[in-house]
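What follows is a short report on a single structure.
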Amino acid sequence: MTDPTATDQRAADLAARLTAVRSEVAAAVAAAGRAPGEVELLVVTKFFPAADVRRLIDLGERAFGESREPEASRKIAELGDLVAGAPAGAGPGVAFDMIGGVQGKKAKTIARWARSVHSVDRTRIVEQLAAGARAAVDDGRRTGDLGVFVQVSLDGDPARGGVVAADLGRLADEVLAAGSLRLRGLMAIAPVGGDRERWLADLAAIRERFLAAHPTARELSAGMSGDLRLAIGYGSTCVRVGTAIMGARPILSH
Ligand SMILES: *Cc1c(COP(=O)(O)O)cnc(C)c1O
């Protein structure tokens with residue numbers, strides 16, 4: 001079987017879908033009366049090879065999302081100089097964010113490569129990421145603090161990660177107190193089977209209250225392939241888009 005991600009046709013497919021998604025983001029930003037550039041497109045490259053990231057860099061993309069370690073570390077190592085020129089957290093280079101659930105034993109490695117972690121939902125992970133970021137700065141693997149989004153649970157389902165709204169403020173204060181971390185804002189994943197308008201409206205209300213206590217943590221990571229337009233309407237500053245750009249994710253055998 002031929003690998004559909006190995007050919008130049010692949011570059012053309014990525015270019016076409018990327019153009020469509022960029023247009024959709026721009027149209028949603030305009031429809032919401034927001035300023036162009038207010039919403040970052042994070043291209044989610046999980047399950048896809050480093051060669052695809054290279055194609056996307058050629059197409060002008062600079063911000064990528066990965067959800068699993070060690071897949072992310074391996075891919076970033078393969079990209080070599082493309083990423084190595086800019087240590088995590090530095091300047092205008094290529095950046096990778098961690099968007100998946102963080103296992104404690106992986107926190108130290110993630111703090112070496114991630115610009116930001118979108119999925120922070122408990123005290124222990126705050127401590128481990130802070131220690132990891134400190135160590136990574138000390139040994140020259142990163143410059144600057146590790147960005148943190150506190151993940152909000154909209155349905156209270158612990159399997160999907162996130163903290164319930166009542167505990168957000170406390171966790172955010174822990175991020176602020178930890179050092180080596182920069183609190184960027186909130187993140188949410190759509191609940192399964194929920195009404196999309198409803199959860200986005202709930203999220204916007206939670207964010208409004210959150211901002212009263214944490215006025216500088218203005219970012220909102222919300223919206224994926226299926227709901228990015230709606231999420232931008234409800235204030236998202238970062239849409240995490242996989243399928244609409246990359247195509248369907250390959251099924252892994254393990
Ligand atoms: C995989 C993933 C995405 C991308 O989802 P698509 O529906 O493929 O766009 C976004 N956010 C998180 C947290 C993910 O794990």
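None of the figures in this text is laboratory data; all of them are computed from the coordinates on show. This is a predicted model, so every value here is computed, not measured. A quick note on method: Cβ atoms are made from the backbone with ideal geometry, for glycine too, and the neighbour counts reach across all protein chains shown.
Computed from the alpha carbon positions, the gyration tensor of segment 203-254 leads to an equivalent ellipsoid with semi-axes of 29, 12, 8 Å, biggest first. Only helices enter the 222 nm calculation for the chain: every DSSP H run of n ≥ 4 contributes -39,500 (n - 2.57), and dividing by all residues gives -13500 deg cm²/dmol, rounded to 500.
Each residue, residue 213 and residue 23, gets one label point 7 Å from its Cα in the Cβ direction; the gap between the two is 4.4 nm.
Note down the net charge around residue 42, summing +1 for each Lys or Arg and -1 for each Asp or Glu among other residues with Cβ under 11 Å from its Cβ. Net charge around residue 42: -1.
Inverting the pair-averaged 1/r between distinct Cα atoms of segment 103-161 gives 11.8 Å as its Kirkwood hydrodynamic radius. For residue 95, the residues 5 or more places off, or on other chains, whose built amide H falls under 5 Å of its own are 63, 64. The shape of segment 180-225 comes out oblate: with a ≥ b ≥ c from the C-alpha gyration tensor, a/c is at least 1.5 while a/b does not beat b/c.
Straight-line cross-link reach from residue 105 at under 16 Å between alpha-carbon atoms covers these aspartates and glutamates, not counting any fewer than eight positions away in the same chain: 69, 71, 121, 127.
By definition, a body whose alpha carbon gyration tensor gives a ≥ b ≥ c is oblate when a/c is 1.5 or more and a/b is not larger than b/c, and segment 32-72 fits this oblate description. Applied to segment 124-129, the Karplus parametrisation 6.51 cos²θ - 1.76 cosθ + 1.60 on θ = phi - 60° returns per-residue 3J(HN,Hα) values of 4, 5, 4, 5, 5, 5 Hz, with x for Gly and Pro. For the chain, pairs of C-alpha atoms spaced more than 35 angstrom apart make up 11 percent of the total.
Sorted into 5 angstrom bins from 0, the C-alpha pair distances of segment 5-153 split as 2, 9, 18, 20, 19, 15, 10, 6, 1, 0 percent. Report the far tail of the P(r) of segment 66-170, meaning the percent of Cα-Cα pairs longer than 25 Å. Tail of P(r) above 25 Å: 19 percent of Cα pairs. Taking amide H as placed 1.01 Å from N in the peptide plane, the amide H of residue 163 sits under 5 Å from that of 151, 152, 153, each at least 5 places away or on another chain.
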